[in-house]
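J.: Below are the structure tokens for one structure; questions will follow.
Nothing in this text is a laboratory measurement; each read-out follows from the coordinates by a stated rule. As the structure is a prediction and not an experimental result, all values here were calculated from the model. Because the Cβ atoms are built from the backbone with ideal geometry, glycine has one as well, and the counts that use them run over all protein chains shown.
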Number of protein chains: 2
Amino acid sequence: MFISKTSEHALRILTYMALNYETQLSARNLFEELQIPKRYLMRLLTDLSKSGFIKAARGRNGGYVFARSLDTIYFSEIIDSVEGLLTFEGCVLGSTVCPVDKPCAMHQIWEKPKQTFLETLKSTTLADLRNGKNIRLKYSIKQIHH
Amino acid sequence: MFISKTSEHALRILTYMALNYETQLSARNLFEELQIPKRYLMRLLTDLSKSGFIKAARGRNGGYVFARSLDTIYFSEIIDSVEGLLTFEGCVLGSTVCPVDKPCAMHQIWEKPKQTFLETLKSTTLADLRNGKNIRLKYSIKQIHH
DNA sequence: ATTAAATAATACCTGTAAGTATTAATTTAT
DNA sequence: ATAAATTAATACTTACAGGTATTATTTAAT
């Protein structure tokens, strides 16, 4: 399971936009590229606008561009805004809170993968997608034609 | 999110049973200890029986004990039987398959936490809970009274 | 001014995971 | 034999994430 479908959509939208940072992209552009259900995609874009990641230009020739610098947008913040990070930070697999003096049976086992996961989210920004710190861009960047 | 509620229940059931390996436990015992909704718990126990992790003794003084040796039961197998492991093994956050020659934008970023998670699941058995390899038992074992 | 092309708001629908209810079957103590 | 205590099977209900539909608003090209 890992993360919700909606978070996945949000990440796909923003990572694609990050790789085409210079270009204003419309919902239609993003739909054609990402194949996320159109109306749902549109709603998510509005949500991402309200969350302040991107900003919308309305009307004819409208579309979306980033509202903030890419190097300030951590993956953790994106997921946090969509589904919250709390369920990832808790113990025994999400929901249960696990008291420090009486850890649950899986506490130790869970600790390492959980930390690796969270640390990656909290230390990686959308800018890292572009500067190749974590990723090769070679096959991923694609030119947008209007 | 990480894993489904049902997987979480299953893991809590089996880890608790593992820590009380010697004792046959009834649905009632487990309900009192784990506070999983009673009827749902009972159905999950039947499911876990059918999956071959535990075996049921029916009728008065019935209950459940393990059907297999603890050191053969990997966490990966438990989750696999409840919700499947495929969504954890795929790329971009679960569902999307990511071609090797054209990896998605998050491919590299995701690789490490995903591997840590899966390797832990695939290398840890219920027996490890008891022998202290990964966990201190001190606070977790609890005597069952009939 | 009008129309076309875009986003925004709001309400609604749907499929599925999670949980509940009912009845049947099994076993053992008495 | 009967009753009590358990698991098994099956069907139903509920909540919510995910997805649709409709209408309003905004902008710019003509």
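J.: Looking at the stretch B:62-89, which of the residues that are under 14 Å from B:Glu119 (Cα atoms) and more than 16 Å from DNA strand C (Cβ to nearest atom) is surrounded by the fewest Cβ atoms within 10 Å (Cβ to Cβ)?
T.: Filtering first and then ranking leaves B:Glu89.
J.: Now for a different question. Hey, does the stretch A:67-81 have a residue that's within 13 Å of DNA strand D (Cβ to nearest atom), in contact (Cβ under 8 Å) with a residue 60 or more places away in the chain and within 14 Å of another protein chain (Cβ to nearest Cβ)?
T.: yes
J.: Please specify each residue of the stretch B:31-60 satisfying the condition of being touching a Lys or Arg at 6+ places or on another chain (Cβ under 9 Å), more than 10 Å from DNA strand C (Cβ to nearest atom) and part of a helix (DSSP H, G or I).
T.: Matches in the stretch B:31-60: B:Phe31, B:Glu33, B:Leu34, B:Ser49.
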